[in-house]
Amino acid sequence: MLSELRQYCAKTLEPHKIAFAMNANVPDDAQPPSMLMYMSLFKIVREAITNIIKHAKATEVSIDIKIDEETLRCSVADNGQAGKLKSGSGRGLLSMQSRAKELGGTLEVVYNNGMHIVLTAPLEHNGEC
């Protein structure tokens with residue numbers, strides 16, 4: 001999962017001359033995410049990367065993923081100017097928040113020297129999707 005995500009982001013950002021780094025803190029004995037979580041995580045990251053390319057005027061993007069016994073945490077951060085832009089009519093952030101909620105998690109968006117999106121979700125979720 002991590003190698004696919006890293007490869008996608010690098011190949012997508014490279015043509016736009018946006019530097020990319022990804023860090024993962026996943027213990028060897030960590031419970032793997034469900035297929036639903038993986039697909040939702042991938043779609044959230046894809047939407048974040050698309051927004052960065054279209055709107056942020058960023059030169060750097062970093063993704064940090066941490067999985068512990070019960071939780072997956074993924075942050076996507078850029079050094080762009082998205083916080084200075086007017087909100088458009090796009091539905092990207094709403095879509096990401098909806099996906100996080102489907103996982104029983106949250107999506108936090110912070111504007112501070114760029115945009116920082118943080119997904120936190122339980123590895124096991126018994127809610128309806």
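Filtering segment 16-33 to residues that are touching a helix residue (DSSP H, G or I) at 6+ places or on another chain (Cβ under 9 Å) and of a type outside the set (A, V, I, L, M) leaves H16, F20, P32, P33. A count restricted to segment 12-34 and to residues that are within 16 Å of the chain's Cα centre (by Cα) and farther than 17 Å from D64 by Cβ stands at 1.
Could you pull out the residue among D29, D64, D78 that is at pLDDT below 95 and under 22 Å from S3 (Cα atoms)?
Numbers: D64 fails: at pLDDT below 95; D78 fails: at pLDDT below 95.
When all the criteria are applied, what remains is D29.
The values are calculated or read from the model by the stated rules, or taken from the named source; none is laboratory data. The structure displayed is predicted, hence computed values, not measured ones. Cβ coordinates were reconstructed from backbone atoms using ideal geometry, including for glycine residues, and neighbour counts include every protein chain displayed.
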